[in-house]
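The next block holds one structure in the form of structure tokens; read it before the comments.
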Amino acid sequence: MRGRRALALVFGIVLAAGAITLYSLPQIARRVTVARIQALTQRPVSIDAVELSLLTGRATVRGFRLGERDGATPFADFERLDVRLHLPSLLLGHLWIRELVLSDSTVRVVRRPTGEFNFSDLIRASATTNRALDVTVDRFALARGTVTLEDRALPESRTWASEQITIEARGLSTRQGGGSAVGRSVTVGAPVSVVVEDLRLHPIHLRATVTMEGVDLTPLRIYFPPDATVVLARGRASSSITVALDAREGLQVDATARFEDVALARPDGSEPLAVVPALTAEIAGLGVRDDDRQLARLAVEGTMSVRDPSAGPGVRYPLSTIRASVSDLTWPARTPGRVDVLTSVPGGGRLTIAGTVRPPPAASQLHLRLVNLNLAPWAQFVPLAARVTGLAEANLEINEPLAAGVPARIEGSIAVNRITVADDRRELLGAQRVEARGLEVHWPSRLAVKRVLVSGPRAVVERDVAGAFPLTRLAIAGAPGAGPARPATRPTPGVEVTEVAVRDGRLHWRDETVSPAARLTVSNIDATLTEVGWPLRGPLGVRAALRPPGGGQLRLSGRVELEPLSTELRVVAKNAELAPYQPYVPTAARISGAADLDVSLVVPPLAERRATVRGSAALSRVDVQDGERTVARVERATATGIELDWPQRLAIGQLALARPWLLLERDPRGELPLRGLLALPAGAGGHAAAGSVKNGAETIAVTVAKISADEGGVRVVDRAVSPPFAVDVQPATLRVEGFSTLPAPPARVDLTGMVGAASELALRGTVAAFGGPLRLDVSGELREFAVPRTNPYLLRQVGWQSREGRLTTTLQCRIDGDALSARTQVRLSRLQLVPASSRDEAQARIGLPLGLITTLLKDRRGDITVAFPVGGRLSDPRFDFRETLWGAIRTVAVNAITLPVSWIGRVHFTPDSRIERIQVDPVPFEPGTATPTPEGRARMTRLVAFLDQLPEARMTLTPVVSSRDVEEIKRLGVEAAIDRAAQEGRVSREDAVTRLIAQHFPGRPAPATPEAAVAALLERTPMPTAEVPELAARRLQAMRATARQAGIDSARFAGTEVAQREGGPGQVELEVVEAEGPRPSKLRETLRKLGVPLKGAGE
Amino acid sequence: MGAFRLLLMSLALAVVGGCATVDPLEDPRIEAEVKARLVAEKSANLTRTGVLSANGVVYLSGTVESAAPRARAEALAREVRGVRRVVNTLDVGPPPQPATR
């Protein structure tokens, strides 16, 4: 009994304990579960309630919530989980869930800005958890499930949702396969179904098929890079993906996807650039196992059209077919794979990729061939506001082991044929072919190209009136999606090009900043650049040859450093034409010619603003024209020993000018066209000091050791005088030594030449400091210059003309600063002057007619030799060279005339020092005779000397018969009558007188004395009218006879009318007159008077 | 009789004209005027043309670019008063060469 009672007690206790346990077991289970999950996930977990039924093995979990680690954000929750267990199997270590039903679950997945998901920590934790026991789930059902994906890695956070998830799974177990599951959801608005078969939980094994229908792809545009030039505008996708996952075999995926109505457009939402009506992609045998991936086949087939940028809106190229397949690929490569791609390219072109891919270290062979790819449709994806056309082709071979990433070495070429870049008006850039060979890719750090060959490139570079380059706007203003500059988001791979070769290039330069606009074309450009790379690594090797504008050849070789910009180049030019650069010559003169150059140019970094040039240069056929007229020309100018140290100095060893020629012209208005022609227009820069070159604020010192000009010429034409003056100075030779704009010893100048046909010019001396105050000390000589050539000036200045004459003059001129000191010695030979105007400037200024002056200045050889100084201050505003010269001439003339005139008389002056008249002492004669008095003989002697020394001088003789001469003639007549009467009457003289008195005075008593009788007879004697001219003639004859005896041409004495005077001596008065000019032909004069036209008639 | 007088007059004029000597002033003036006209010509490049006048006969020398300026130079020379004849030895060739005078 006692035993029964004890047994009942124990049973009761056990029962009570069991009841208590059963009562508290749910709470225990809830706490244990929460604690366990928290331990596993390190996240906050809460469960509202747990219901257990040990007898039935059922359990219900209500209100499960798993949060983020922050404790505030929910991660997953469900309202109810019903579990029915097969309890006995637990005793065997087998968790056998007969049924697992989950309702109203929500999982919130978040992709953080770092790219990490909010469940990443859970995966890491689960990876370390070993399976503890077998699990079998007979049935799993999920109803009303929701999964959201919040993507915070996007610029703007976006949340995707897969809703209405239902899953019905059966036979899930870690012990055996054969499980299955069917799931459905609405994901991003599209129905998605998943069918899983042959499912085993562990090791995992399943085969699943995921089907999506009509998924809108538009939301995916937010996954395009923010700086993408093209984004997804619209599109739908349907896919069927079969996945076979096995823990040992890995993942096998077969998939088909169909994309429909996919459109790509610019971010601004404009018309789609490319439209894919339908595209099917098929993936077969995509396997992923550990780190190995393999792809049995990937095939893409579909159509695509691209907008035709050259046509109107909505116009597209015809649909292109795309067909590509890749087979037997492994990655990293282990087994040979086959790649086969054949596709036509929208807009034109065909792409084929074929080859095998082998696992390393074996080499893989791939051959990519792209032909006739029309760039035009694709240019719209290039950030250029330009039409780009061309046909691209590629022929690439890969034959080397494939490592991870892009193949390192790609042999072959990429080329674009007939590429053009045009704006809305015309082509700007183009090339027949651009080809890159020997590609070597080290992705993403480096791209090496062995050679880039650009054949037949051409470019049009314009500078508009504002100085801007429209070409640059193509890449700036017109870039699609252009906006504020964005920071670089991707590293730019370095590019190295061993050699860039340009063949037969052409560059058109159009510059509208000058007027007329410059049009320059550089052609035949052959260039080679070596060591080209980006980022810059070092100097570029440059070697180029080209045809400059207009012709010739230019060669460059050396190095060019781009950062900072500096160069070391040898520049060789031959026959480079100058004329095309005319728009850049800031004068009205047209300049043509050709340049030869052989210099070494060194430009250190530009910031240093200096450069050096060494070498030689030459200009050929330089022609400076005023309209059509040549005003200056140099057949060749050669500068050797050039040393230019910009901006300090320019030194030239020798400057040789061959056959320089210059037109010095004064136009009818008295202006020098050459000055206006070469003058810089306003605003084109200040006037440079003589011999210096201005560079901004600095002046370059110029020195030339030797300057030579051979066979030079100057044509001097003065059309400001009438008739015009013209003379050629040719040939002329110039030598200059020591030219310098610096304070330096004076330069030696030596000039010789022929003036006109036979006149020699020589000028030599020194000229100092071309850049400073003028210091000049030269002496020169002009020989045998034909004076008649100066008639235009003689006529204008003095109103005379020269018929003949030769001028020889020597000049010594010194200018020191503004002080002029010059002395000129002039010798005029055989000078013949004739008046040609009513105004005689010489008479006005000197007092005598120019003809008389020259007559008096001529020596016995007929030469005029005078020397006169000219001096003054050039800076003195009162200095007038013309007046100074006239003053010197007057002084010299007066001095030269006064001396010889003093032999025969005297010069009378006006108060202002002009010659008033020349008085010649008359030659007195004995009364009534042609016998000079002693004084008359002396004067006659001086007169002969005067005429002998001045052979051009002529005299007019005026015989003066005085009353004393008449008295003497009468006396002699009376005496003769007395003598005749005495001889006839044979009486004495007194008787003869008496008889004559009686005859003449009949009836008058005879005078008391004989003298009175003679006086009476003289009174009665009439005037001797015949004897007076006879006396005058005899006196003139006497003077001419004296002159003849002295060798003087008596014709130089021109007689005039006899003058009779009361009182005074009988004499011959003289006046100096100028020489007579050559007399014109009497026959011609006669014919002219008859009105007969004559050839060669003078003025 | 009238014809005979005309013949005599023609002979006389020919003799007079042929034997006429030119004023020594003329040749320098003619030469200068021809040069001045050639230089002043804007439509052709004649500035470097060589000019020599002897007894009213003007000799042109040098090189011009085409036949047109050659003819123009001759015409300009003929216009100068006192020119009896123009002997045009201008060559037509590429670049003008410097004249001898």
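The values are calculated or read from the model by the stated rules, or taken from the named source; none is laboratory data. Values in this document were obtained by computation on a predicted structure and should not be read as measured data. Ideal geometry is used to build each Cβ from the backbone, glycine not excepted, and the neighbour counts take in all protein chains shown.
Conditions (1) part of a strand (DSSP E or B); (2) within 14 Å of chain B (Cβ to nearest Cβ); (3) of a type in the set (A, V, I, L, M, F, W, C); (4) touching a Gly at 6+ places or on another chain (Cβ under 9 Å), marked per residue:
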position	(1), (2), (3), (4)
A:Ser600	yes, no, no, yes
A:Val613	yes, no, yes, no
A:Arg621	yes, yes, no, yes
A:Arg633	yes, yes, no, yes
A:Ile642	yes, no, yes, yes
A:Ala656	yes, no, yes, no
A:Pro660	yes, yes, no, yes
Residue within the range A:938-959 that is more than 30 Å from A:Ile864 (Cβ to Cβ) and among the small types (Gly, Ala, Ser) present: no
Residue that is farthest from A:Gly551 (Cα to Cα), among those in the range A:574-600 that are more than 17 Å from the chain's Cα centre (by Cα) and among the hydrophobic types (A, V, I, L, M, F, W, C): A:Ala588
Residue check for A:Asp777: among the acidic types (Asp, Glu) and either in contact (Cβ under 8 Å) with a residue 24 or more places away in the chain or within 14 Å of another protein chain (Cβ to nearest Cβ) (or both): yes
Residue check for A:Val714: modelled with pLDDT of 75 or more, closer than 26 Å to A:Gly765 by Cβ and crowded, with 17+ Cβ neighbours inside 10 Å: yes
Among the candidates A:Glu643, A:Glu635, residue that is at pLDDT 90 or above and within 16 Å of A:Gly713 (Cα to Cα): A:Glu635
Filtered residue count, the range A:197-234, keeping only those that are over 21 Å from A:Ser185 (Cβ atoms) and either of a type in the set (A, V, I, L, M) or surrounded by 15 or more Cβ atoms within 10 Å (Cβ to Cβ) (or both): 14
Matching residues in the range A:306-328 - criterion: being buried (at least 19 other Cβ atoms within 10 Å of the Cβ) and at pLDDT 75 or above: A:Ile322, A:Val326
Residue that is surrounded by the most Cβ atoms within 10 Å (Cβ to Cβ), among those in the range A:932-966 that are in contact with a Lys or Arg (Cβ under 8 Å, 6 or more places away or on another chain) and of a type in the set (Ser, Thr, Tyr): A:Ser962
Complete set of residues in the range A:717-748 that are of a type in the set (D, E, K, R) and either facing another protein chain (nearest Cβ under 9 Å) or buried (at least 22 other Cβ atoms within 10 Å of the Cβ) (or both): A:Asp718, A:Arg719, A:Asp728
Residue satisfying all of: in the range A:544-574; of a type in the set (S, T, N, Q) and buried (at least 16 other Cβ atoms within 10 Å of the Cβ); modelled with the lowest pLDDT among these: A:Ser566
Count - residues of the range A:151-176 that are more than 60 Å from the chain's Cα centre (by Cα), more than 18 Å from A:Phe78 (Cβ to Cβ) and surrounded by fewer than 17 Cβ atoms within 10 Å (Cβ to Cβ): 4
Matching residues in the range A:785-805 - criterion: being within 14 Å of chain B (Cβ to nearest Cβ) and closer than 22 Å to A:Val870 by Cα: A:Phe785, A:Val787, A:Thr790, A:Tyr793, A:Leu794, A:Arg796
Count - residues of the range B:36-94 that are crowded, with 20+ Cβ neighbours inside 10 Å, facing another protein chain (nearest Cβ under 10 Å) and of a type in the set (Lys, Arg): 2
Count - residues of the range A:237-254 that are part of a strand (DSSP E or B) and surrounded by fewer than 17 Cβ atoms within 10 Å (Cβ to Cβ): 4
Index of the failed condition, A:Thr929 passing every other in (1) under 30 Å from A:Glu1027 (Cβ atoms); (2) among the polar types (S, T, N, Q); (3) loosely packed, with under 14 Cβ neighbours inside 10 Å: (3)
Selection from the range A:1058-1068 of residues that are surrounded by fewer than 18 Cβ atoms within 10 Å (Cβ to Cβ) and under 14 Å from A:Gln1037 (Cα atoms): A:Val1058
Verdict on B:Glu33 being acidic (Asp, Glu), in contact (Cβ under 8 Å) with a residue 12 or more places away in the chain and facing chain A (nearest Cβ under 7 Å): yes
Test: residue in the range A:812-833 that is in a loop (DSSP other than H, G, I, E, B) and within 46 Å of the chain's Cα centre (by Cα): yes
Leading residue by the ranking (modelled with the highest pLDDT) among those in the range B:4-30 that are facing another protein chain (nearest Cβ under 10 Å) and over 30 Å from A:Val721 (Cβ atoms): B:Met9
Those residues of the range A:788-805 which are aromatic (Phe, Trp, Tyr) and either surrounded by 17 or more Cβ atoms within 10 Å (Cβ to Cβ) or assigned to a strand (DSSP E or B) (or both), in sequence order: A:Trp800
